Amino acid sequence: MYALCDVNSMYASCEKVFDPSIRNKPVVVLTNNDGCICAACGIAKRMGIGKKFVPYFQVKKELEAAGAVIRSSNYELYADLSQRMMDTCARFAPDINVYSIDECFLYYPKQSSATQEGWESLGMQIRKAVWREVRLPICVGIGPTPTLAKVANHAAKKIEGFKGVAVLDTKNIRKTVLSKMAVTDVWGIGNRLGKRLNALGVNTAWELAKRDPTQIRKEFSILVENTVRELNGEVRHSWDTVRAAKKEIYSTRSFGERITDFEELRSALASHAEIVATKLRKQKSLTSSMTLFATSSPHDTEGYFRKSYFHHFAVSTNDTRNILKVIEIAMSQLYKPKVRYYKCGVGLMGLQNEELFQYDLFTPSNDNTKLMACMDTINARYGRSTVHIAAKGFEQKFAMRRAFLSPQYTTKWSDIPKIIC
Amino acid sequence: MLKFIPIKASAGIIGFESPAAEYTQLNLDLDQLLIDHPSATYIGIAEGESMMGDGIFSGDLLIVDRAQSINDQDVVVANLNGVFVCKKIDKVQRCLLSSGQNLAPYFLKEGDEFQIEGVVTRSIRLHRPFTKQL
């Protein structure tokens, strides 16, 4: 059996752990640089405020009127509380797989059998322990496959009658829950797949589960076939499922403050380039083309400025030095004096597998794989950017803007909570 | 952030091994001694004089354990109407006791927001204040 433990509105819930004065208030958390809303607590959701991905400035007045508490993302706090939550969950199972900052799968081998009630009471125990010891509200979904554990977790959160714990052990209960779920709520079924499935008359998760897996494989892919099989209780996902290599890699970020300086823009692009190049080598790929962009804010009063530059490499590469060289050429296109830059980024596209790459007889690759491997090893061991290419500059002036940041209660001595005696 | 190199430097020539080598121990670790449930424990700072009778003074560090079961007369941290307070709990009379001079107990009323946030398992006095920047 698999149990999926998932924190309800993780970021907003974390904000309430060490600030009891906001526990009964609507709390809304903003993304990097306070740009958009990324989380809202249950109270805020019930009031209908704090919709995800909405730019903050658009709803600022509305949130103020509702008395919402606004917070910047406090990653230091969330990471620490996440670790505590995972440690607590891990006590309840022989094996754990941390899936994301707020979700983990617990695994129970075949021999650990229990009744439906037994699994339910285990789920309740985990939920209670995490609330008592970490003060985070979680939901627990238990099922015979990872996909069904995800389904159960969805049911525990969204379907009435489950109080934070759902167990999909028997066929009957599986049918009831799957019939109430849209097919796009199933793990791995996105909107695009959902539309194609809808066209075939598959609207609910139950209708997908009833399909013939081999037929589904022919019409879609082995991934969808696996989903169908998992919905019927056959385990297809393994713990160490490696995700398919990405076809594009992007690194973009808005600046903490608007920048107007040539050197600052160049060094920001250079750090993005280093990030994508490291990721590229990690998945053992080469890139054939690269895009760079820099923009002012569309919300600024002065004219909107957006420039991008596309570069095609003569020979596919994953050498940071080749990727950085493009910045030198691109800067003359991207930089214009007096523009107040708001965001920039670097993307690599047309990625190829390093091992299968066909080299060119007349234009040999100048990649220095040994140098890059050495740089990656040093940085993996001693922290990112211990060794880097000098083009990036040494001082990072584009740290995140976090105007509504709460204290780092558990990771900084000067921020530990005050307790009134 | 720079991490430490996890290997010991060693000279090229090996002499006699220290006869004490086999008895090498880890350094004393205060966390290990003072904290029973690391993932359920947090550290706070006391503010105020109402718990001096229990040896808790303003500015003391409090180690608070959420995983402990709560016994009558335990020193606890609680959320009382949106504020973390440190008091002794009287489970029988449902009240919070102070141990400073002439302080009346606080009886929980209907409408009070109240949750116990953990047991104060240790408190640390700073007989000399910190000189380092925290």
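The table that follows gives values for the structure above.
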{"item": "Enumeration of residues in segment A:315-329 that are among the acidic types (D, E) and open to solvent by 30 Å² or more (accessible area, probe 1.4 Å)", "result": "A:E328"}
{"item": "Hits in segment A:284-314 - residues which are open to solvent by 30 Å² or more (accessible area, probe 1.4 Å), without any contact (Cβ under 8 Å) to a residue 60 or more places away in the chain and assigned to a loop (DSSP other than H, G, I, E, B)", "result": "A:P298, A:D300, A:T301, A:E302, A:G303, A:Y304"}
{"item": "Flag for A:R281 being open to solvent by 10 Å² or more (accessible area, probe 1.4 Å), over 22 Å from the mean Cα position of the chain (by Cα) and not acidic (D, E)", "result": "no"}
{"item": "Inter-residue pairs, beta-carbon under 8 Å, first facing chain A (nearest Cβ under 8 Å) and within 27 Å of B:P129 (Cβ to Cβ) and in segment B:61-89, second of a type in the set (K, R) and in a strand (DSSP E or B), 6+ apart", "result": "B:L62/B:R122; B:F84/A:K418"}
{"item": "Total residues in segment A:115-137, condition touching a residue at least 40 places away in the same chain (Cβ under 8 Å) and open to solvent by less than 60 Å² (accessible area, probe 1.4 Å)", "result": "12"}
{"item": "Flag for B:L80 being touching a helix residue (DSSP H, G or I) at 6+ places or on another chain (Cβ under 9 Å), among the aliphatic types (A, V, I, L, M) and closer than 21 Å to B:I45 by Cα", "result": "yes"}
{"item": "Tally of residues being within 11 Å of A:C5 (Cα to Cα) and open to solvent by 60 Å² or more (accessible area, probe 1.4 Å) across segment A:58-100", "result": "2"}
{"item": "Of residues in segment B:32-53 being facing chain A (nearest Cβ under 9 Å) and part of a helix (DSSP H, G or I), the one least open to solvent (accessible area, probe 1.4 Å)", "result": "B:A40"}
{"item": "Breaking point among (1) open to solvent by less than 70 Å² (accessible area, probe 1.4 Å); (2) assigned to a loop (DSSP other than H, G, I, E, B); (3) within 14 Å of another protein chain (Cβ to nearest Cβ), for A:I419", "result": "(2)"}
{"item": "Matching option when the condition is over 20 Å from B:E117 (Cα atoms), of a type in the set (G, A, S) and without any contact (Cβ under 8 Å) to a residue 60 or more places away in the chain, among A:G35, A:G50", "result": "A:G50"}
{"item": "Some residue of segment A:258-266 being at negative phi, within 25 Å of the chain's Cα centre (by Cα) and modelled with pLDDT under 90", "result": "no"}
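The values are calculated or read from the model by the stated rules, or taken from the named source; none is laboratory data. Keep in mind that this is a model prediction, so the values were computed, not measured. Reconstructed Cβ throughout: ideal geometry from the backbone, glycine too, with neighbour counts over all protein chains shown. Accessible surface areas use protein heavy atoms only, side chains included; no ligands, DNA or RNA. Shrake-Rupley method; radii C 1.70, N 1.55, O 1.52, S 1.80 Å.
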